[in-house]
Amino acid sequence: MNKDIIAIVGPSGVGKSTIADYLIQNYHVNMPICFTTREKRDDDTYYHYVSEEEFIKMANRNCFFFTSGTKDKYGYMNNFQNDYPTLLLTSYKNILSFYQENPKTTIILLSFSNIKECMIARNNNRLEEAKLDERIRYAINDYNNYFDKVYKICSLSLISDSYSIIQVNQIVSNFLLANNVIKEKGVVRRIKK
């Protein structure tokens, strides 16, 4: 992929979509359309749901710049006509395979101080207990097996529940601005005469 990629990486509920929404509203970035074969969650607004058969057809037509998952598959489309950086929201495990082929990726690594407690607190009774337990088990397994490897290659690491969401958005955007990864919307740069 020729575009700059900003990967926001972390477990379910850590704030990846919230940060992405903030960046989309305030900066020149692209959010790819993401397709998945997994069961729809009540709190989802980010994904387009397709059958596994349709997903495979799309993948065979090279519709995606990145795919992940075995049981539940995810595919990110690259259909942008501009050169703005593209956001990628993913797990610790999945960013490692992507990074091997895209080593210039800017990785924003998010974690919780206590994954289980934070996921329970952020659930607000949206998911039934069995589904929440499954997400917690996946997040803890992902953290235990891959966090240290991602930490070694990340550009910025935050424990998201140590800050308000406003603070997290500011820390992430200030970092990306300072490193010339993103540009603010509506800023006109005038050349001095």
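For this structure, a couple of remarks:
- Filter pass, Asp21 being of a type in the set (Asp, Glu), surrounded by fewer than 19 Cβ atoms within 10 Å (Cβ to Cβ), outside any strand (DSSP E or B) and touching a residue at least 24 places away in the same chain (Cβ under 8 Å): no
- Within segment 65-99, being outside any strand (DSSP E or B), in contact with a Gly (Cβ under 9 Å, 6 or more places away or on another chain) and over 16 Å from Tyr146 (Cβ atoms) holds for no residue.
- Applying the criterion of being surrounded by 14 or more Cβ atoms within 10 Å (Cβ to Cβ) and part of a loop (DSSP other than H, G, I, E, B) to the residues of segment 45-64, the residue that is modelled with the highest pLDDT is Val50.
- Any hit, segment 120-140, residues being closer than 23 Å to Ile6 by Cα, part of a helix (DSSP H, G or I) and in contact with a helix residue (DSSP H, G or I) (Cβ under 6 Å, 6 or more places away or on another chain): yes
- Boolean, Phe112 is buried (at least 19 other Cβ atoms within 10 Å of the Cβ), closer than 21 Å to Gly69 by Cα and either of a type outside the set (A, V, I, L, M) or modelled with pLDDT under 90 (or both): no
- In this entry, Phe65 passes the filter for residues that are more than 22 Å from Arg41 (Cα to Cα) and not assigned by TED's automatic domain parsing to the domain that holds Val150.
The values are calculated or read from the model by the stated rules, or taken from the named source; none is laboratory data. In this text the structure is predicted, and so the values were computed from the model without any measurement. FYI the Cβ positions are ideal-geometry reconstructions off the backbone, even for glycines, and counts take in every protein chain you see.
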